[in-house]
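Each remark here refers to the structure printed beneath this line.
The values are calculated or read from the model by the stated rules, or taken from the named source; none is laboratory data. Computed from a predicted structure; not experimentally measured. We place every Cβ from the backbone using ideal geometry, glycine too, and count neighbours over all the protein chains shown. Accessible surface areas use protein heavy atoms only, side chains included; no ligands, DNA or RNA. Shrake-Rupley method; radii C 1.70, N 1.55, O 1.52, S 1.80 Å.
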Amino acid sequence: MLVKLAVLFSGNGSNLENLLKTLHQKSFNGVKFEIVLCLCNKKHAFGIQRAKKYGFETKIIEHNHFATREEFDSLLVSEIKKSGADLTILAGFMRILSPIFTQNISAINVHPSLLPLFKGANAIKESFQSDMKIAGVSVHWVSDELDGGKIIAQKAFEKGTLTYEEFESKIHTLEYELLPQSIIGLFSDTSRYDLKPMLKNT
Ligand code: GAR
């Protein structure tokens, strides 16, 4: 089976690069993954250079060129559909998505906290500063609610005496493990998720 993926990002793009490295054109248990679209909403995002290293021209759609969220989301939807992607991965795509997107595209998101705690754009800082003894990362389905869709997988660790820099680096290391593992897991025979209702393109 071939699974086509679209990856959306806004900035640094380290999760995008990790997916290109670990999943693109690779097979796991008879399932081959192909990244068919890299899409970014910021024209100076560093992730664009990372994609180039792997031979990808990133499709740039700047949200500030659109009058409404819905107009921007409509174009995202049509680009993703055009790419033929079976699943869309939000890898640091820092946009609130309207129902135009969420009701038409099957997407998962990686988030740097143990959801439902610390939703939003400052999760790493908030989770570091909280008095919780553990922290972690989540992969979840994208729904109408920001960082609120059904959780697919999580990894946690003890904060201990980590400095902020060590903490942030631990979060990213876990993301690089959990996101590809989750994608592979979704398409494996033993997946706890019935993908059919989730995959809107098929
Ligand atoms: C990642 O830590 C990701 O979890 C986070 O943005 C970062 C992107 O890094 N996403 C969110 O906070 C979404 N709410 P990257 O561009 O280097 O992959």
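Listing for the model above:
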quantity	calculated
Note, ³J(HN,Hα) from phi for segment 146-153, Karplus 6.51, -1.76, 1.60, rounded to Hz, x at Gly and Pro	4, 6, x, x, 4, 6, 9, 7
Extension gain from LYS81 to THR68, taking 0.36 nm per residue of separation minus the Cα-Cα distance	2.6 nm
Paramagnetic reach from PHE46 (point 7 Å along Cα→Cβ, amide N under 20 Å) across segment 94-111	94-95, 110-111
Accessible area of the chain belonging to carbon and sulfur atoms, whole % at 1.4 Å probe	52 percent
Surface per residue (accessible, 1.4 Å probe) for the chain, Å²	50 Å²
Integer Hz, Karplus 6.51/-1.76/1.60 couplings in order for segment 4-10, x for Gly and Pro	9, 10, 10, 10, 10, 8, 10
Rough spin-label spacing in nm, given labels placed 7 Å along Cα→Cβ, for ASP131 and GLU158	1.9 nm
Over the chain, relative contact order from alpha-carbon pairs under 8 Å, at least 6 apart, %	19 percent
From phi via Karplus (6.51, -1.76, 1.60), per-residue ³J(HN,Hα) for segment 66-83 in Hz, x at Gly/Pro	10, 6, 10, 4, 5, 5, 4, 4, 4, 5, 4, 4, 5, 5, 5, 4, 4, 6
